[in-house]
Amino acid sequence: MKKIFLIFGVFFFVNVAAQKKGKDYSEILKSKNIYEINAFLRDAHPDDPRRSVLKPRVMEMMKDYIKNAKTGDPKVKQMQDWLAMLKRRPSTKISFEEMNANIRKKQIEKYQRELQVGQAAVVYTPSSPQNVYIAPTVSSKETAAAIPDYEASEFNMLMGENPIEHKNKTVKILNSLFDNDPNAKECIVMIENKSDCNIIVRMEGVGITKYRLPVPAHGDNSIVVQKGDYLFTSIVCGAQYASQKTIQKPLMVALGSSVKK
């Protein structure tokens, strides 16, 4: 909790860097692709004359898409958001501050809702070997067979908080989200799980400082931790993840990508 705030900077690139990564917009005026034109408007120099042609074009294309979309089309919401942004600004590119504020707002709304209903708002599928681990190859089956059962039962246990535990955790996270004190000894860590598998993220600090955070498939979860240096580890659909992180401010980490089982 998704990705909490300043770390998102790694996902942004300056215009020059984007151009150097192989994006070729030499034929962009011929494009009829919403995503391609939208990308150009984000990357191009503010004074590029092609903007005056392509911005109104892509807005009309988005309106047409929304008008002709089928009921329940998940892309409609995205097109509506882009249209609203393009009415106010040159492109759909957003700043650090805006993205951080949006994420913070969503997290606060989520946890306030959980306090009201008295339970976690997230809907998840309890773990079994099938949704914690992708079946291993024959050659690795014996050594890997112990992983899914252990991870599955532990995930279910961690997700099974009683109402009092959940309320206390939720209050602590909300306090951290509202706290802007740079001298605070604790801060929030949000883990976004983009994979098809339920995961447990383990954070090992100095001495006996350890945390475990269960994160459902295609979901997110947060935890308040002591500031310091940590080794993050997890098993994501059978793949080992490990990374050292220094936590001195709110942090968001995204793990995994959609894997077809």
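Bear in mind these aren't lab numbers, they're just calculated from the coordinates by the rules spelled out. In this text, all values refer to a predicted model and were calculated from it rather than measured experimentally. Reconstructed Cβ throughout: ideal geometry from the backbone, glycine too, with neighbour counts over all protein chains shown.
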Review point. Which net charge results for the neighbourhood of residue 169, defined as the other residues with beta-carbon distances under 11 angstrom from its beta-carbon, given Lys and Arg at +1 and Asp and Glu at -1?
Key: -1
Revision key, fill the gap. Residue by residue through region 182-196, the couplings from Karplus 6.51 cos²θ - 1.76 cosθ + 1.60 with θ = phi - 60°, in Hz, x for Gly and Pro, are x, 8, 4, 7, 10, 8, 9, 10, 10, 10, 9, 9, 8, 8, 8
Review point. Quick one: which of 110/185; 67/194; 93/245; 67/93; 106/185 span more than 26 angstrom between C-alpha atoms?
Key: 67/194; 93/245
Check your understanding: Residues with beta-carbon under 10 Å from that of residue 232, excluding residue 232: net charge, scoring Lys, Arg +1 and Asp, Glu -1?
Key -> +1
Practice item. Please state the charge dipole magnitude for region 34-101, taken about the Cα centre, from unit charges on C-beta atoms (+1 on K and R, -1 on D and E), reported in debye and rounded to the nearest 20. Key: 260
